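The values are calculated or read from the model by the stated rules, or taken from the named source; none is laboratory data. From a predicted model like this one, the values you see are computed outputs, not experimental measurements. Every residue, glycine among them, receives a Cβ derived from its backbone with ideal geometry; neighbour counts consider all protein chains shown. Please note that ligands, DNA and RNA were not included when accessible areas were found on the heavy atoms of the full protein model with its side chains. Shrake-Rupley method; radii C 1.70, N 1.55, O 1.52, S 1.80 Å.
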Amino acid sequence: GFWYGSKSEKLMQQATDMGKDNPRVHLLQGLSFYFTPERWGGSKQEAKGSFIKAIEFYENEKKGTIYSDWGYSETYGWLGSVEIELGERGAAKVYFDKALEIDPNNNWVKYQLMPKVN
């Protein structure tokens with residue numbers, strides 16, 4: 001983190017500048033907020049906001065392109081994971097259900113995340 005934190009932050013800003021409407025950029029931004037400790041700028045609330053923004057862009061993305069669903073289901077999985085950490089198990093289940101609606105074969109959600117709310 002000490003050596004690469006600022007470099008990573010600079011590259012994430014470049015990605016955001018280049019791909020403002022790209023849901024995958026917002027997914028990765030959310031993961032950065034999710035995994036970065038709070039004392040170094042991480043935030044579950046910021047992660048949640050990035051995941052929600054990613055979902056909005058996924059919903060507006062042209063379907064049928066080569067990457068049109070890459071990360072879509074996973075974004076709902078991460079959003080549900082944030083909700084669990086924030087104590088919102090009901091909201092987490094809604095997001096996990098949506099992830100499985102998008103991709104019924106998402107085994108991460110099905111077998112690792114969903115049991116946390118059932």
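Before moving on, here are some points about what is shown:
- A simple spin-label model places pseudo-atoms 7 Å from Cα toward Cβ; at Asn107 and Arg39 they are separated by 3.8 nm.
- Averaged per residue, region 79-118 has 56 square angstrom of accessible surface, using a 1.4 angstrom probe with ligands and nucleic acids left out.
- Low-density loop cleavage sites - trypsin sites (Lys or Arg not before Pro) in region 39-118, where at most 13 other Cβ are within 10 Å (DSSP): Lys62, Lys63
- Efficiency of FRET from Cβ geometry, Asp97 and Glu56, R₀ 22 Å, rounded to 0.05: 0.75
- Surface share of carbon and sulfur [accessible, 1.4 angstrom probe, percent] for region 23-118: 52 percent
- Residue-span extension gain [Thr16 to Glu88] - 0.36 nm each, minus C-alpha spacing: 23.1 nm
- Entries of Lys20/Lys93; Lys53/Lys98; Lys93/Lys116; Lys48/Lys98; Lys20/Lys53; Lys44/Lys98 with Cα pairs more than 18 Å apart: Lys20/Lys93; Lys44/Lys98
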